[in-house]
Structures are given as structure tokens and as C-alpha cells.
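Visitor: Provided herewith is a single structure, encoded as C-alpha cells, for subsequent inquiry.
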Amino acid sequence: MDGVPGEKINLDFETAEKIGIGFSQWLTDKTGKATKELKVAIGTDSRITGNSLREAISRGLSSKSVVVYNAGLASTPAMFMSTRFKETNMDGAIMITASHLPFNRNGMKFFSKKGGLDKQDISYILEIAEKANLNHALKENLVEDQPLMKFYSNHLKKIIQKGINDNDTPLNGFKIIVDAGNGSGGFFATEIIQPLGADIKGSQYLDPDGMFPNHMPNPENHEAMESIRKAVERHQADLGIIFDTDVDRAAFVDSEGNAINRNKLIALISSIILDEYPHSWIVTDSITSDGLQYFIEHKLEGHHHRFKRGYRNVINEGIRLNTEGRECHLAIETSGHGAIKENNWLDDGAYLAALILIKLAKLRLEGKGNLSELIHDLPEPTESKEYRFSITDDDFKKYGEKVLSGLKEFAEKTEGWSVVPNNHEGIRVKCNQETGNGWFLLRLSLHDPVMPINLESESKGGIMTMIGKLRPFLNKYEKLNASGFK
């Protein structure tokens, strides 16, 4: 939709209708069913363009005689689970969401019974969509309402109950605050943890509002984390839970007001998983800290494997490790996308919240303290920064690869620096005590003409030392805007 200067509409309703046709063909190819035998559920987050896009996609699907189920306001994980629940048994599902992006954006996530679709699947759907003919007629008799979130909420309630001594109300005595950021996550407070006995007074922004008037629904956003951290302190809660718009990501605040996101969240979930599956592998994205690697490998006695950013990349790598005989039960991005093997490798913020609630209740039964005690040995850097350099060259990927190639050569010649081997994305450089006492990673964005750089140092002023050495190198690239690198 319009509303942001310089961002013209490039996803319109006609395109969405064609994409619905493309998905129907993809499902037919994968299932062997005729389109009239297919069932597809469609859900939306709180964005104000969601219902219009859903109607457009429904027209495309129903024009091919697919039976469409309208799930209404939903979460991304729930849409996948609609293909697994025996009560719903969908052949496919679509979630209309743009996650934490601004109000004017929207998009679609596709699922089959095997999970989220990969890049080649999406490319195939778009190829079909480009050739599609439209009739614009919505076959009303092929569209039904489906209370999908009821099944999903009951599913999570049972997991929490079973995890805490098969207790019907295992959260009695807990005060828990949920911040849904005006996205889809309010159900977790009212439909799950409150019926399980939790006091949810103080929970905030549970009502869906696609303009996101309070803060961005993003667990990586500083303003969002400060908002829930203050709410936890104000209400003296035992735990704060914050979701992104479509609930496939989450972050937490402990009873002392400590934020648990990014590396801390990975460390906490790793401690839970490695307690159940000792010495197994944890897959993360490329920007995780050296301190996290030390914590996983030396404190938890697990194995840490960094891979490319992009939650599908991380999840697929976890699956691949298992096929090679390397036991892996957790694949998680720094952004909070966390997928557990026992949960169908689905990145599900509400499922992570369920695991953490189970752990919190067990700690209380054992007379122990708060969640942060599980990660008190996690080394944290003295300094940490991220910069994003824009690329002005038309072929930004080729130009970015040129910069990375040059950086590798430059780093190998710089005394005190060493290029980290077996790095799957960008160039990661280890800096000795005299040249920064930490590390930095320069990479190329997956989709945008941007090169992010992450830097961490164990010394005050260490990042400035790295910047001082890097700036002359970066200034040689006229089509890389590193003007704010300071």
C-alpha cells in the first residue's frame, strides 16, 4: 500500500490472485491430487492490507476449484500446523504477513505438509503465476471460515501441561506479561497462559492494529525490548514475552528486568536443548558471537555450527547435519527464528515460549532462581556494533562480491588479523589484542543492495581500532556508501 515516500506499490491484488493460481498448480504437482480435491487455509497478521490480499489469493485458488479456508487473524506457525492437525488436515497453507516490516509492506509465506517452501518452490509458483489467466470471480461456496487458532492454542496448552507434571493449571502463581506489538500474538496471553493459571495483568498491545502505533513488533528492536522490560519491572512479573507480528519469533525478559534476545536467547534455548540432548549440534546464523560459541562448546558441552543468514538456510542446515549423522535438535537465527526438530523444524516463537515457560516452572519447583541463571556464564563483549553500507551499483551482488574478495586479500595481509576458516557467509576476521581484540563480519544482504558489518570487541575502544584499519580499505570502493562508518 501507499504511505512511505519512494516506495511504490509492487504487490497488487491481481498479482496476488495469480500467485494463488500458481500455488494451486504447485500443490497439484506435489500431491498428485486434482485441484478440486485440494484444501488450502489462508491466515493474516494484523496488517490492514491482509484481508484484501486474502480475498485476492482466494479468488485465484477458487478459480481452480480449490477449497479455501479462511483462518482470519492467525500466526505463521499455526498456518503450517493446519496441515498437520487431524481436525484440519490441509494440503497447503498461506500466511499473509511481512513480519516486522513497516505497515505498508505485505507478503506471503507458503506451507505444505513437509514445511515451508524453499526458493526453488517459490520460483516455480511465480513462473506459473506469470502465465496465469484471471477470471476475477470468487466462488463463495468454495470458501469457508476455519477457527484454526483454537486448535493451535489447544495444541500449545497441552504441551505446557504435559511438560509441567501433567498439571491442568501449571502456571498458577506466575505473573506473565505478553507484548504482542499489535500483531497476531495476543492469543498467547488470553487463550493459552491465562487458562493455564497465569496472571496476565500488565500485558500490552494485544489488540491487532496494522499501523503498529506503539512500537515495531520486532524482538530485535531496542524500543520494543525497552517497552516490555519496563512493563515487567513495573508489574514485578516473573517473565515477559514479546512476539513479532506473525509470532514466528520471540524474545523474553526475566524477573529482574534482563532482556533475553539475540545471543542470550540462543544461549538459553541451547541450554534447554542440550540438557535433553547432550553433546548435540546447535546451528546458528553467521553473526553470532565468539562468546556464544565458547558457551555452547565449553559450558554446555555441545557443538556449535555457524551458517548463512536466512531462517530457511539455518533450518535446512540443521536438517542436513542430521542426515550426515550429526545429531541436531536446534537451528536458530540471531533474529529469534528458532526451529526445534521435535516441532517439525518449524520456527515458532510461541513454541519457544512454551519451552521456556516449562523450564521456568521446573526451576521454581526446584527452588531455583530466574532464567538468566542458566546463562550467567555466557561471555559478553565489551563493545558491539552493526553498520549497514548501501551499494549504488546496478549489479549490487557482483559489486558486493568484489568488495568481499578484496577484503579477504586485505585481511590476510593485515598484521594481527586472520580470516576465520569454514565461514559460510561473507568474510569473518579475528583481530588480536593490538588490532581490535575481537572480530568483525562483512557480508552481502540476501535481498537488498546492502552490506551489513557486525563488530565485537573485548576491549573498550577496540571497535574504533578495527574501524580505523578498515576505513581506508572501504573508501577505495566508490559505489559502497560507508560514510557513516565511525
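Visitor: Write out, first by first residue and then by second, each pair whose Cβ atoms fall under 6 Å of each other, whose residues are 6+ apart or on separate chains, and whose first residue, in region 1-13, is under 29 Å from Asn133 (Cβ atoms) while the second is surrounded by 10 or more Cβ atoms within 10 Å (Cβ to Cβ) and modelled with pLDDT of 90 or more.
Guide: Between residues of region 1-13 that are under 29 Å from Asn133 (Cβ atoms) and residues that are surrounded by 10 or more Cβ atoms within 10 Å (Cβ to Cβ) and modelled with pLDDT of 90 or more, the close pairs are Met1/Thr49; Met1/Asn104; Phe13/Ala56.
Visitor: Still on this model: How about region 237-260: which of its residues are surrounded by fewer than 23 Cβ atoms within 10 Å (Cβ to Cβ) and among the polar types (S, T, N, Q)?
Guide: Passing the criteria: Ser255, Asn258.
Visitor: While we're looking at this one, here's another question. Residues that are closer than 30 Å to Ala198 by Cα and assigned by TED's automatic domain parsing to the domain that holds Gly186: which helices (runs of 4 or more DSSP H) entirely in region 211-314 hold 3 or more of them?
Guide: It comes to 222-235, 262-276.
Visitor: Here's a follow-up. Can you confirm whether Asp199 is at pLDDT 95 or above, surrounded by fewer than 21 Cβ atoms within 10 Å (Cβ to Cβ) and within 22 Å of Gly43 (Cβ to Cβ)? Don't jump to the end; show me each part of the working.
Guide: Details: at pLDDT 95 or above: yes; surrounded by fewer than 21 Cβ atoms within 10 Å (Cβ to Cβ): yes; within 22 Å of Gly43 (Cβ to Cβ): no.
Against the criterion (at pLDDT 95 or above, surrounded by fewer than 21 Cβ atoms within 10 Å (Cβ to Cβ) and within 22 Å of Gly43 (Cβ to Cβ)), Asp199 does not qualify.
Visitor: Which of the residues spanning region 308-328 are closer than 13 Å to Thr284 by Cα and out of contact with any strand residue (DSSP E or B) (no Cβ under 6 Å at 6 or more places or on another chain)? Can you show your working first?
Guide: The first filter runs over region 308-328 and keeps only residues closer than 13 Å to Thr284 by Cα, leaving 308-319, 321, 328.
Answer for region 308-328, where residues must be closer than 13 Å to Thr284 by Cα and out of contact with any strand residue (DSSP E or B) (no Cβ under 6 Å at 6 or more places or on another chain): Lys308, Arg309, Gly310, Arg312, Asn313, Asn316, Ile319.
Visitor: What number goes with the only condition from (1) within 28 Å of the chain's Cα centre (by Cα); (2) of a type in the set (Lys, Arg); (3) modelled with pLDDT under 95 that Lys341 does not pass?
Guide: Lys341 satisfies all of (1) within 28 Å of the chain's Cα centre (by Cα); (2) of a type in the set (Lys, Arg); (3) modelled with pLDDT under 95 except (3).
Visitor: Looking at Arg326, is it at negative phi, surrounded by 20 or more Cβ atoms within 10 Å (Cβ to Cβ) and outside any helix (DSSP H, G or I)?
Guide: Criteria not met by Arg326.
Visitor: Can you name every residue in region 441-461 that is over 14 Å from Gly426 (Cβ atoms) and buried (at least 22 other Cβ atoms within 10 Å of the Cβ)?
Guide: Glu456, Ser457
Visitor: In addition: Can you give me the number of residues within region 362-421 that are closer than 17 Å to Ala259 by Cα, assigned to a helix (DSSP H, G or I) and at pLDDT 95 or above?
Guide: Residues in region 362-421 being closer than 17 Å to Ala259 by Cα, assigned to a helix (DSSP H, G or I) and at pLDDT 95 or above: 2 in total.
Visitor: Okay, next question. Which members of region 329-358 meet the condition of being buried (at least 23 other Cβ atoms within 10 Å of the Cβ) and of a type in the set (Ser, Thr, Tyr)?
Guide: Ser335, Tyr351
Visitor: In region 453-486, what residues are among the charged types (D, E, K, R) and without any contact (Cβ under 8 Å) to a residue 12 or more places away in the chain?
Guide: Glu478
The values are calculated or read from the model by the stated rules, or taken from the named source; none is laboratory data. Because the structure is a prediction, the values reported are computed rather than measured. Every residue, glycine as well, gets a Cβ built from its backbone with ideal geometry; the counts of neighbours run over all protein chains shown.
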